[in-house]
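Have a look at the structure below before the remarks.
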């Protein structure tokens, strides 16, 4: 798993590095490397943390 993804917790905000047009999403869960993020226009998307390095947004 990507080390940075390990810090992602429910309520945190992230951006997808390959889809800046998705805007800022909010982490719903991070269980066993599967990260569920709710994006305003994309809805809920589940990521494999080993394949996608989501970018945390610390000052939304």
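The values are calculated or read from the model by the stated rules, or taken from the named source; none is laboratory data. All values derive from a computational prediction rather than experimental measurement. Methodologically, a virtual Cβ is constructed for each residue, glycine included, from the backbone with ideal geometry; neighbour enumeration extends over all protein chains shown.
Inspect region 2-15 for any residue being more than 11 Å from the chain's Cα centre (by Cα) and part of a strand (DSSP E or B) and give the result as yes or no.
Checked against the condition, which is being more than 11 Å from the chain's Cα centre (by Cα) and part of a strand (DSSP E or B), region 2-15 yields no hits at all.
Might you let me know whether region 39-48 holds any residue that is in contact (Cβ under 8 Å) with a residue 40 or more places away in the chain and exposed (fewer than 15 other Cβ atoms within 10 Å of the Cβ)?
No: zero hits.
Taking region 20-41 only, how many residues are farther than 11 Å from residue 55 by Cα and assigned to a loop (DSSP other than H, G, I, E, B)?
5
For the list (1) at pLDDT 95 or above; (2) loosely packed, with under 12 Cβ neighbours inside 10 Å; (3) over 10 Å from the mean Cα position of the chain (by Cα), I need the number of the one condition that residue 22 fails.
(2)
Looking at region 10-21, I want the residues that are on the phi > 0 side of the Ramachandran plot and in contact (Cβ under 8 Å) with a residue 12 or more places away in the chain and have a partner that is surrounded by 10 or more Cβ atoms within 10 Å (Cβ to Cβ) and not in a loop (DSSP other than H, G, I, E, B) with Cβ atoms under 7 Å, at least 6 apart or on another chain. Which pairs are those?
From region 10-21, the pairs are 11/26; 11/27.
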